[in-house]
Amino acid sequence: MKRLTHLQKLEAESIHIMREVAAEAENPVMLYSIGKDSAVMLHLALKAFYPSKLPFPLLHVDTTWKFREMISFRDNLAKEIDADLIVHKNEEGIVQGIGPFTHGSAMHTDIMKTEALKQALSKHKFDVAFGGARRDEEKSRAKERIFSFRSADHRWDPKNQRPELWKLYNTRKAPDESIRVFPISNWTELDIWQYIHLEKIPLVPLYFSAMRPIVERDGTLIMVDDDRMPMKPNEKPEMKMVRFRTLGCYPLTGAVESEATTLPQIIQEMLLTTSSERQGRMIDHDQSASMEKKKQEGYF
Amino acid sequence: MAHQSDLIESDIEAYLKSHEEKSLLRFITCGSVDDGKSTLIGRMLYESKMIFEDQLAALETDSKKVGTQGQDLDFALLVDGLASEREQGITIDVAYRYFSTDKRKFIVADTPGHEQYTRNMATGASTADLAIILIDARKGILTQTKRHSFIASLLGIRNVVLAINKMDLVDYDKAVFDQIVLDYQAFATHLREDGVVPFEIVPIPLSALKGDNIIEQSPKMPWYKGQTLLAHLEDVPVQQADIEKPFRMPVQWVNRPNLDFRGFSGQISSGSIKVGEIIKILPSAKQSVVKSIVTLDGNLDQAIAGQSVTICLEDEIDISRGDVFCEAGKPAEVANQFEATILWMAEEPMLPGRSYLMKTGAQNARATITVPKFKVNVNTIERLPATKLELNEIGECNIAVDRKIVFDAYDDNKDMGSFILIDRLTNATVGMGMLRFALRRASNIHWQATDVSKSTRSAMKTQKPAVLWFTGLSGSGKSTIANLLEKKLTAMGKHTYLLDGDNVRHGLNKDLGFTDADRVENIRRVTEVSKLMVDAGLITLVSFISPFRSERQMARAAMEDGEFLEIFVDTPLEVAESRDVKGLYKKARAGEIKNFTGIDSPYEPPKNAEIGVNTAEMSAETAADHILLTLEERGILI
């Protein structure tokens, strides 16, 4: 029998990691963000435990500003795979009317995403949370362990990480600590796309190009997903052929003009493109070490 | 991210098809800041077109702001990740980088090279197939080159690239290159003579800064006929050997969705398995036949090393996490004592006799380690005597575990022979190790079953056996209270024995001093003696300072549930010192006694003692009565 390909090796490694968690954690959860990385992570989890059901629930932190198509995709998928889906919203934030247009991207993300995530983890007393982050996404992530520990207040201390040897994961922790586990740490963006293609993993249609109502603001193409988006004078949504390379809150996620309507076309575009994936996300732009800071504060 | 292949534009489907077949190579780069390691990695990312334009723009800005290359791009900035590192200009941890070419995907473990980062390098090396050892052409073989080579070989890396960097600074001189290669080969022979497993060495002259021999053959070094670095990385065979080895699969998770299905999930460590083949399950040594190999994509006829699968068996056998499926004719070994090489990774040293948690494969056990046979000077590969292992030290030790462990020697099977050690109190990973072989001693001494049991012995005495463990500072009143309590118990007709720290040090522990290591051994011995006393049915009073939490925890764990009562004689240091019955505090303060608890050696107070007494607030008599009451409440006096 011939050797394993790089994708087969990555798959086997991710499955191994998930099974370690299922065997050793008390109350694990999988963070499901509906994006392509989450889609791959979820697919790997289904493989890891087949024919059993997922031995943990899925948690989606809903900022209430996600694309509508994301939400309907999420609900259909959860039903289809018979998963236990927990949707958490920061109710205090909703009462205060926090939103990206009124409070800016930083405050919105902090309250509706970071805070909300901490609330949900504390409320359900999850001791381990799977996340779909990859090390190739961003420089501070390149140093993060696959099993990444968080203090009682969900902070990450990059200087005090446990050494991770072979595939022996030390899952022991103090009662008030928790662990973020990143089973697809070693995947790159290309790996993810190639795997989605090979395994025919369903994706939110927003990844594929279509005519969508777009407003251009400060060089970013924003899709007008609902009527909560206040129009500036002279602004009028225009139908454009666009798709999204990452998915998040619609006011904070830039679209790219594209003709790619199939997976191979998307991969082709990605391979020929000249800017990195996170460029569409506004959160990284503030300062060069912003992600590292956010992570220390508890942003996954 | 323009990959080389023209297929991307012309025929993306064909491109994807060809890339499904790519293999994976994990490698580690070893070198120090000055060797240009980060520059080399940055250069490889750049040359393989893995850097986007926005990243390149950021790099240009950063290069001008904090770079060290004047107006040129400083590739090192691409890989120095964390903000604090960028300010200090050093790499402090293990970082992983990814790039791929048309033939392979690469995972690079980027680790710092200084001696104080030995553990980081070992971490990166633990998952690597190949090591690139960087050498500055101007400096030749240095101490660190030897260290890096030793660690790489210790971790079982079989392929080494000797990257002789900065050739541009020696005028691309062939003689310089040849001399370094000669020197290194002499050193490698020396390594082999020391029993370190040999590896393949491929020397390549290059300049990471200028891009010579990285991806394209350098016109400056026409005398070099070998492959460029990237070409070599693309072609070097990745270990196929694992598939040829005997079948092993540690059971990670029992897959039981309903009563009709019972599968065993795990990642195959070595070999291959087919439906219908016989396997042996260790440690039970039961045999069964593979009924099916189950995956979401359908059942398989065969699975090979590296795959994560679920296996169903023909027979109903009790199997749980940690068991190992083996080729029936070539099973792994089972033992509870080993010789192992340990690399210590914690600030607090490894203490012989202390109990640590050990994780190997999916097995967890409690382990104690003996005094190292020797430690290795990583710079000279010399063997030195040692009583303990400090941070970043490597030593050869014997390990005893509290249960049978299934294993293979590390050199035969990395998955089956590797382990980590975990501190039981802090939960930190404090050590890593490689199992060498089983020690047969333990298996030749069998436990002799006796007909008169502990319960028979204690029932005759109308008491429950117990250990009353008094801990506290010197002069806190432990012995006084223990003495009073024993008198009271004897008056009640109870059978007791008092083990007093000072008295035991006159005999059994005469050979021990007061270093941390000796204190641990002191407690280990008295724990074993207490265990015998308890087995004899006695109420055993132990009056020892016993300053460390983990040793008291070890003593507790050695007894049965409810047998161990920790009594914290919680007298403040000032009070104990003011009493100074034996005049020891005075001497300690004067520096005449070293390692005195409370003065220059720490005392870790109990967190969950069953009983607490404070002789500053109550008399010894009251304290003894208070303890007596607790014993009655707990039914020890019957």
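Considering only residues of the stretch B:10-27 that are more than 7 Å from chain A (Cβ to nearest Cβ) and more than 18 Å from A:Glu199 (Cα to Cα), which is surrounded by the fewest Cβ atoms within 10 Å (Cβ to Cβ)?
As a first pass, look at the stretch B:10-27 and keep what is more than 7 Å from chain A (Cβ to nearest Cβ): B:10-11, B:14-15, B:17-18, B:25-27.
If we keep only those that are more than 18 Å from A:Glu199 (Cα to Cα) too, we end up with B:10-11, B:25-27.
On the way: B:Ser10: 9, B:Asp11: 15, B:Leu25: 23, B:Arg26: 19, B:Phe27: 22.
Result: B:Ser10.
Please indicate, with yes or no, whether at least one residue in the stretch A:58-71 is within 25 Å of A:Tyr169 (Cβ to Cβ), within 14 Å of chain B (Cβ to nearest Cβ) and not in a helix (DSSP H, G or I). The answer is no; no qualifying residue exists.
Look through the stretch B:92-113, keep the residues that are at the interface with another protein chain (Cβ under 9 Å from one of its Cβ atoms) and part of a loop (DSSP other than H, G, I, E, B), and return whichever of them is modelled with the lowest pLDDT.
So in the stretch B:92-113, the residues at the interface with another protein chain (Cβ under 9 Å from one of its Cβ atoms) come out as B:92-100, B:104-105, B:107, B:110.
Among the residues that remain, those that are also part of a loop (DSSP other than H, G, I, E, B) are: B:92-94.
Details: B:Ile92: 58, B:Asp93: 72, B:Val94: 78.
Out of the qualifying residues, it is B:Ile92.
Go through A:Lys36, A:Lys9, A:Lys47, A:Lys2 for me and flag whichever is surrounded by fewer than 24 Cβ atoms within 10 Å (Cβ to Cβ), facing chain B (nearest Cβ under 7 Å), among the charged types (D, E, K, R) and over 17 Å from B:Ser269 (Cβ atoms). If you could, list the steps in order and put the result at the bottom.
Working: A:Lys36 fails: facing chain B (nearest Cβ under 7 Å); A:Lys9 fails: over 17 Å from B:Ser269 (Cβ atoms); A:Lys2 fails: facing chain B (nearest Cβ under 7 Å).
Only one candidate qualifies: A:Lys47.
Among the candidates B:Thr145, B:Thr123, B:Thr118, the residue that is in contact with a Lys or Arg (Cβ under 8 Å, 6 or more places away or on another chain) and assigned to a helix (DSSP H, G or I) is uniquely B:Thr118. The set of residues in the stretch B:295-318 that are aliphatic (A, V, I, L, M) and surrounded by fewer than 20 Cβ atoms within 10 Å (Cβ to Cβ) comprises B:Leu296, B:Leu300, B:Ile317.
The set of residues from the stretch B:261-297 being over 11 Å from B:Arg248 (Cβ atoms) and not in a strand (DSSP E or B) comprises B:Val275, B:Gly276, B:Glu277, B:Pro283, B:Ser284, B:Ala285, B:Thr295, B:Leu296, B:Asp297.
Filter the stretch B:484-496 for residues that are in contact (Cβ under 8 Å) with a residue 24 or more places away in the chain and under 48 Å from the mean Cα position of the chain (by Cα); which is surrounded by the most Cβ atoms within 10 Å (Cβ to Cβ)? Within the stretch B:484-496, the match that is surrounded by the most Cβ atoms within 10 Å (Cβ to Cβ) is B:Leu485.
Listed here are the residues, each with its yes/no results for (1) within 14 Å of another protein chain (Cβ to nearest Cβ); (2) closer than 21 Å to B:Gly156 by Cβ; (3) of a type in the set (S, T, N, Q).
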site	(1), (2), (3)
B:Ser292	yes, no, yes
B:Gly298	yes, no, no
B:Ala332	no, yes, no
B:Gln337	no, no, yes
B:Met345	yes, yes, no
B:Leu351	no, no, no
B:Arg354	no, no, no
B:Lys359	yes, yes, no
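Residue by residue, here is whether (1) at pLDDT 95 or above; (2) more than 9 Å from chain A (Cβ to nearest Cβ) holds:
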residue	(1), (2)
B:Pro237	no, yes
B:Ala241	no, yes
B:Arg248	yes, yes
B:Gln307	no, no
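Selection of the stretch A:1-34 for residues being touching a helix residue (DSSP H, G or I) at 6+ places or on another chain (Cβ under 8 Å) and not in a helix (DSSP H, G or I) yields A:Met1, A:Arg3, A:Leu4, A:Thr5, A:Asn27, A:Pro28, A:Val29, A:Met30, A:Leu31, A:Tyr32, A:Ile34. Exactly one residue out of B:Lys210, B:Lys220 is at pLDDT 90 or above and either outside any loop (DSSP other than H, G, I, E, B) or over 38 Å from the mean Cα position of the chain (by Cα) (or both): that is B:Lys220.
Between B:Val176, B:Val202, B:Val181, which is assigned to a strand (DSSP E or B) and of a type outside the set (Lys, Arg)? The conditions single out B:Val202.
One line per residue, one yes/no per condition, for (1) closer than 30 Å to B:Leu541 by Cα; (2) among the hydroxyl-bearing types (Ser, Thr, Tyr); (3) crowded, with 17+ Cβ neighbours inside 10 Å; (4) at pLDDT below 90:
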site: B:Asp408; (1), (2), (3), (4): no, no, yes, no
site: B:Ile422; (1), (2), (3), (4): no, no, yes, no
site: B:Arg440; (1), (2), (3), (4): no, no, no, yes
site: B:Lys461; (1), (2), (3), (4): yes, no, yes, yes
site: B:Val467; (1), (2), (3), (4): yes, no, yes, no
site: B:Ser476; (1), (2), (3), (4): yes, yes, yes, yes
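Please enumerate the residues belonging to the stretch A:223-249 that are surrounded by 14 or more Cβ atoms within 10 Å (Cβ to Cβ), without any contact (Cβ under 8 Å) to a residue 60 or more places away in the chain and either more than 20 Å from A:Glu269 (Cβ to Cβ) or in the same structural domain as A:Gly35 (by TED's automatic domain parsing) (or both). Passing the criteria: A:Val224, A:Glu235, A:Pro237. Among the candidates A:Lys123, A:Lys167, the residue that is more than 8 Å from every other protein chain (Cβ to nearest Cβ) and surrounded by fewer than 20 Cβ atoms within 10 Å (Cβ to Cβ) is uniquely A:Lys123.
Sort through B:Gly395, B:Gly322, B:Gly361, B:Gly417 and tell me the only one that's assigned by TED's automatic domain parsing to the domain that holds B:Thr310 and modelled with pLDDT of 90 or more. Please lay out each step first, then the result.
Working: B:Gly395 fails: assigned by TED's automatic domain parsing to the domain that holds B:Thr310; B:Gly361 fails: assigned by TED's automatic domain parsing to the domain that holds B:Thr310; B:Gly417 fails: assigned by TED's automatic domain parsing to the domain that holds B:Thr310.
None of the others qualify; the one that does is B:Gly322.
Just for the stretch B:424-444: of the residues that are over 16 Å from the mean Cα position of the chain (by Cα) and not aliphatic (A, V, I, L, M), which one is nearest to the other protein chains (Cβ to nearest Cβ)? Per the criteria, the residue is B:Phe437. Just so you know, in the stretch A:129-186 the residues that are among the acidic types (Asp, Glu) and under 18 Å from the mean Cα position of the chain (by Cα) include one that is nearest to A:Thr246 (Cα to Cα), and it is A:Glu137.
I'd like to verify a number: residues in the stretch B:365-380 that are crowded, with 19+ Cβ neighbours inside 10 Å and out of contact with any Ser or Thr (no Cβ under 8 Å at 6 or more places or on another chain), how many?
So in the stretch B:365-380, the residues crowded, with 19+ Cβ neighbours inside 10 Å come out as B:365, B:367-369, B:372, B:375-376, B:378.
Still in the running and out of contact with any Ser or Thr (no Cβ under 8 Å at 6 or more places or on another chain): B:365, B:369, B:375-376.
Here the count works out to 4.
Between B:Ala303, B:Ala285, B:Ala208, which is away from chain A (no Cβ under 11 Å) and more than 30 Å from B:Ile133 (Cβ to Cβ)?
B:Ala285
Quick one: in the stretch A:174-187, which of the residues that are in contact (Cβ under 8 Å) with a residue 24 or more places away in the chain and surrounded by fewer than 22 Cβ atoms within 10 Å (Cβ to Cβ) is farthest from A:Met239 (Cα to Cα)? Among those residues, the one meeting the criterion is A:Asp176. Per this entry, B:Ala558 is not counted among residues that are over 30 Å from the mean Cα position of the chain (by Cα) and not β-branched (Val, Ile, Thr).
Candidates are the residues of the stretch B:114-140 that are farther than 24 Å from B:Ser418 by Cα and among the charged types (D, E, K, R); the one that is nearest to the other protein chains (Cβ to nearest Cβ) is B:Asp136.
Results for (1) surrounded by fewer than 21 Cβ atoms within 10 Å (Cβ to Cβ); (2) farther than 16 Å from B:Glu604 by Cα, shown as yes or no for each residue.
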{"site": "B:Arg525", "(1), (2)": "yes, yes"}
{"site": "B:Val529", "(1), (2)": "yes, yes"}
{"site": "B:Ser550", "(1), (2)": "yes, no"}
{"site": "B:Glu566", "(1), (2)": "no, no"}
{"site": "B:Leu573", "(1), (2)": "yes, no"}
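State all residues of the stretch B:382-423 that are more than 13 Å from the chain's Cα centre (by Cα) and either in a loop (DSSP other than H, G, I, E, B) or of a type in the set (Phe, Trp, Tyr) (or both); if no residue qualifies, say none. B:Pro385, B:Ala386, B:Thr387, B:Lys388, B:Glu390, B:Phe407, B:Asp408, B:Ala409, B:Tyr410, B:Asp411, B:Asp412, B:Asn413 - these are the residues of the stretch B:382-423 that are more than 13 Å from the chain's Cα centre (by Cα) and either in a loop (DSSP other than H, G, I, E, B) or of a type in the set (Phe, Trp, Tyr) (or both).
The values are calculated or read from the model by the stated rules, or taken from the named source; none is laboratory data. Small disclaimer: the values here were computed from a predicted structure and weren't measured. Reconstructed Cβ throughout: ideal geometry from the backbone, glycine too, with neighbour counts over all protein chains shown.
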